[in-house]
Amino acid sequence: MSETILITAPLLMKGLWLTIKISMWTVALGSFLGFVIGLIRASRMKILKAALGVYIHCLRGTPFLVQLYLIYFVLPATGVEWLKFEAFPAAVIALSLYTSTYVSEIVRAGIEAVPKGQVEAARALGMSKWQTLGHVILPQALKLMIPPMTGVYVLIIKGTSVVSVIGITELLRAGEQAALRYPSELMTLYGLVALLYFVYCYPVLRLGRWAETKFGRIENSL
Amino acid sequence: MDNNKNKTVKNFIIKVEEVSKTFHTKGRKPVVALKQVTLQVEEGEVLVIIGPSGSGKSTLLRTLNGLETVDAGHIWIDNVDITRKETNLNQIRQKVGMVFQQFNLFEHKTALANLTLPQTAVLKTSSGKAEATAMALLNKVGLEGMERSYPSQLSGGQQQRVAIARSLVMKPQIMLFDEVTSALDPEAVRGILELMESLAHQGMTMVVVTHEMGFARRAGDRIIFMDGGEILEEGTPQIFFDNPQHPRAQFFLSQVL
Amino acid sequence: MNFLLEFYNYRILAEYIPQFYEGLCTTLKISFVALFGSLAIGTVFACLRLAPNPILWRLAASYVQAIRSTPLLVQIYIIYFALPEIPLLDRRLNELEGGILALALNAGAYMSEIIRAGIQSVARGQVEGAMSLGMTYIQRMRHVVLPQALARVVPPLLGQTAILIKDSSLVSFIGVSELFSAGVTVMTERLIPTEAFVTVALGYLVIYLVLLWASNWAQRRLAGP
Ligand SMILES: Nc1ncnc2c1ncn2[C@@H]1O[C@H](COP(=O)(O)OP(=O)(O)O)[C@@H](O)[C@H]1O
Ligand SMILES: [Mg+2]
């Protein structure tokens, strides 16, 4: 048993590294995209808001697996050159779009949780819209966003396991390959894979809990 | 009321003997809420407990119907020791009504249903009879026409009236009041105090925690002053208010009067 | 019409209506069974989480944490590939049973958190009000706590159900033919990924919209006065 672990360790570590890489890219891209969408959703741009509402429902209403296939198989079929992605960027883009819906709703809820009086006080002092946003709303809203945001990051890490299906040898697929080589150690190997995911996710979950006790929580229905 | 000592044990409907209680909260220093508190209440008596906030008044009151357990000492309600494990607290609580500062009405039930539920569930009254009792009591506390309203549709004063009526449906022998007017506006306070005074006149045994000194003087048979979990002074309203002995009681009265 | 055919060839697709229909039925069936399993698991673990016994609630908390910090796909693989023979069954779980079990165990953890939050959201004063009237534990739960908790819990539970249905697409990885696999079949047999997956996406979207509507309806109905 320990022998199998030793032999397959390099493979699993490489898989873990790829999982970390995909999740980090997605955290950056998905957070940015979600932040912009969330700002618009909390604004008074009616048409754009409604359009983004449809975007969010479409992504929330379909499995991530289907979205991944749409981006990896369907977009290239349109024949447009720049819509043909390699597996890695396809995975990051699909995961980022998927995450952006969660991030945007958190950002919107965070902004809306800041009392109206804060905005009115800032505007009464002659601050511009953007000054109010930057100096008054966001500093208060950001704290509230930390706990639910950690939940999204855990969602991203777990979501990376699905991209194994388009041929990316991340942690789960590395585990599968190891299991193919040592079928008798299947339980051990999958257990090990689960443990590695746990080691990656659990601290993030704890961070969220800690932030929740420190900064409080916002109602954020999915 | 000074001749309490001469009465036999039987006449006390509430007896509290050397009751102590300490709260242990994780990460904080333990709080001694009650220090060897001893007191008795006669049938039909109105006992008013006053004292600064955090002095243990609520804790004492809540031990009387077992909402709070005690660390040491004994409490007898109608000659039943409720600090014994074997005692059925639910039976005791049917005899001891309690009204809270925050009303604690069942939010998902109408005023009427708040009064019928305890009758049908606890007393096993038929729903027709329960409803008749409930309607009569709601009328008595001045809430005609409000039966179908939910707590959130009622004002604070109205909610507190429902809460008092809800306790009364159980036909309790004793009523406990924990700062029942503290969450109300001045207008409503007067109405609730009048309601409590009329209950007192009808001979209800009452233990009342309050900051309404006027009420304490008018309706109280006896006053207890608490601080730091101890009873520091005890006497008739007249003696207590006109001539407080303990320095902390003097200070407290100088602050609130 | 020709333009539409080029983008979305519904004529080829029409041949596959039976596959899609069967896939949809399987997806709904799996989700339905897993939903009941997860509600049972969720209720039990929510009660364990609120139990005064520290061993019980630590056990329940560990379960929830373990499920929340590992991907569903890994859980599916472990339950399907790595689980040995089941004693009473005298055989290993087939892909349908394994998939349903994994989905139920996974969703159960999330459901238990929702149910626990619902029970805890009932104010302490409500329980004390009931206690002061002499209600027993069972009476308090039945007449006061659960009715109020239920109203707050139904909308998020419907949301979690929508997630469960979407997640059920992952059991296609262990060979269950459900809605998503119907799409894969069409793509590999006829090489029309657009038609295949846009159709699948629409199928899931319709289910989601129905649940969204139900959740909004429940929110309005159960909100009270
Ligand atoms: N459930 C509790 N847990 C911890 N400490 C408590 C609890 N209830 C009361 N205390 C503490 O016990 C002391 C007495 O409280 P209480 O009886 O509520 O005072 P009062 O009603 O006179 O304001 C206070 O210091 C309070 O903080
Ligand atoms: Mg108090």
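Residues of the range C:174-183 being part of a helix (DSSP H, G or I) and surrounded by 24 or more Cβ atoms within 10 Å (Cβ to Cβ), which ones?
We begin by selecting, within the range C:174-183, every residue part of a helix (DSSP H, G or I); these are C:174, C:179-183.
Across the range C:174-183, the qualifying residues are C:Leu179, C:Phe180, C:Ala182, C:Gly183.
Tally up the residues in the range B:211-236 that are open to solvent by 10 Å² or more (accessible area, probe 1.4 Å) and either among the acidic types (Asp, Glu) or within 16 Å of ligand 2 (Cβ to nearest atom) (or both), please.
Number of matching residues: 9.
Any idea which residue in the range C:202-221 is farthest from the chain's Cα centre (by Cα), counting only those that are under 20 Å from C:Leu179 (Cα atoms) and without any contact (Cβ under 8 Å) to a residue 24 or more places away in the chain?
Checking each candidate, the answer is C:Leu202.
Which one of these is under 21 Å from C:Gln219 (Cβ atoms) and either over 19 Å from the mean Cα position of the chain (by Cα) or not aliphatic (A, V, I, L, M) (or both): C:Gln148, C:Gln139? Write out each step before concluding.
Working: C:Gln139 fails: under 21 Å from C:Gln219 (Cβ atoms).
C:Gln148 is the lone residue from the list that is under 21 Å from C:Gln219 (Cβ atoms) and either over 19 Å from the mean Cα position of the chain (by Cα) or not aliphatic (A, V, I, L, M) (or both).
For A:Ser43, only one of the following conditions fails: (1) assigned to a helix (DSSP H, G or I); (2) of a type in the set (Ser, Thr, Tyr); (3) open to solvent by 10 Å² or more (accessible area, probe 1.4 Å). What is its number?
Going through (1) assigned to a helix (DSSP H, G or I); (2) of a type in the set (Ser, Thr, Tyr); (3) open to solvent by 10 Å² or more (accessible area, probe 1.4 Å) one by one, A:Ser43 breaks only (1).
Here are the criteria: (1) in contact (Cβ under 8 Å) with a residue 24 or more places away in the chain; (2) of a type in the set (Val, Ile, Thr); (3) within 16 Å of ligand 2 (Cβ to nearest atom). Tell me which single one B:Val31 does not satisfy.
So the condition that B:Val31 fails would be (1).
Please go through the range C:66-76 and give me each residue that is open to solvent by less than 10 Å² (accessible area, probe 1.4 Å) and either among the hydroxyl-bearing types (Ser, Thr, Tyr) or facing chain A (nearest Cβ under 8 Å) (or both), ordered by number. Full working, then the answer.
Our first condition is that a residue be open to solvent by less than 10 Å² (accessible area, probe 1.4 Å); within the range C:66-76, this holds for C:69, C:71, C:73-74, C:76.
Hits for the range C:66-76 are C:Ser69, C:Pro71, C:Leu73, C:Val74.
Got a sec? Which of C:Val171, C:Val144, C:Val153 is open to solvent by less than 20 Å² (accessible area, probe 1.4 Å) and without any contact (Cβ under 8 Å) to a residue 24 or more places away in the chain? Quick ask: steps written out before the conclusion?
Numbers: C:Val171 fails: without any contact (Cβ under 8 Å) to a residue 24 or more places away in the chain; C:Val153 fails: without any contact (Cβ under 8 Å) to a residue 24 or more places away in the chain.
Answer to the selection: C:Val144.
Of all residues in the range B:40-94, which are part of a strand (DSSP E or B), more than 14 Å from chain C (Cβ to nearest Cβ) and open to solvent by 10 Å² or more (accessible area, probe 1.4 Å)?
The first filter runs over the range B:40-94 and keeps only residues part of a strand (DSSP E or B), leaving B:40-42, B:46-50, B:72-77, B:80-81.
Right, trim to more than 14 Å from chain C (Cβ to nearest Cβ) and you get B:40-42, B:46-50, B:72-76, B:81.
Those that are part of a strand (DSSP E or B), more than 14 Å from chain C (Cβ to nearest Cβ) and open to solvent by 10 Å² or more (accessible area, probe 1.4 Å): B:Gln40, B:Glu42, B:Ala72, B:Gly73, B:His74, B:Trp76, B:Asp81.
To keep it simple, each residue is scored yes or no on (1) over 25 Å from the mean Cα position of the chain (by Cα); (2) within 14 Å of another protein chain (Cβ to nearest Cβ); (3) buried (at least 17 other Cβ atoms within 10 Å of the Cβ).
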position: B:Thr116; (1), (2), (3): no, yes, yes
position: B:Val122; (1), (2), (3): no, yes, yes
position: B:Gly128; (1), (2), (3): yes, no, no
position: B:Ala136; (1), (2), (3): no, no, no
position: B:Asn139; (1), (2), (3): no, no, no
position: B:Arg148; (1), (2), (3): yes, yes, no
position: B:Pro151; (1), (2), (3): no, yes, yes
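The values are calculated or read from the model by the stated rules, or taken from the named source; none is laboratory data. This is a predicted model, so every value here is computed, not measured. Note that each Cβ is placed from the backbone with ideal geometry, even for glycine, and that neighbours are counted across all protein chains shown. Each accessible area value is taken on the protein alone, full model and side chains, heavy atoms only, with ligands, DNA and RNA left out. Shrake-Rupley method; radii C 1.70, N 1.55, O 1.52, S 1.80 Å.
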